[in-house]
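Before any comments, here is the structure.
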Amino acid sequence: MRRAVSSGQPALISRRMSPRSTPAPASRHTSAGGNPKAVNPAGYYGLYQFSPATWRSVGGSGMPHHASPSEQLYRAKVLYKKAGAGQWGCGGHLHD
């Protein structure tokens, strides 16, 4: 997943993270500026900027930005547990 390009500014990310941390609502500001309907022209969607293939790999159906914010958070947690924080392209430092 990649960060949305809507703001044009790099996101500030906390360096605080435990091995048990999972994506939290604060981390969505990193990816999509808090917009669950965010669409990145590079092909990433929703709060956590899922690619359609990644979305499907964690059990999502349809398009990520059409899912509820709680569904997007759930799928982000599944991805985090499956592959770690590096999926977000924002330094891998998601925080609670």
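Residues in segment 45-84 that are assigned to a loop (DSSP other than H, G, I, E, B), at pLDDT below 95 and surrounded by fewer than 16 Cβ atoms within 10 Å (Cβ to Cβ): 84 alone. Each residue in segment 19-44 was checked for being modelled with pLDDT of 90 or more and in contact with a Phe, Trp or Tyr (Cβ under 8 Å, 6 or more places away or on another chain), and 3 of them qualify.
The values are calculated or read from the model by the stated rules, or taken from the named source; none is laboratory data. Since the structure is predicted, the reported quantities are computational estimates derived from the model, not experimental observations. Note that we place each Cβ from the backbone using ideal geometry, even for glycine, and neighbour counts take in every protein chain shown.
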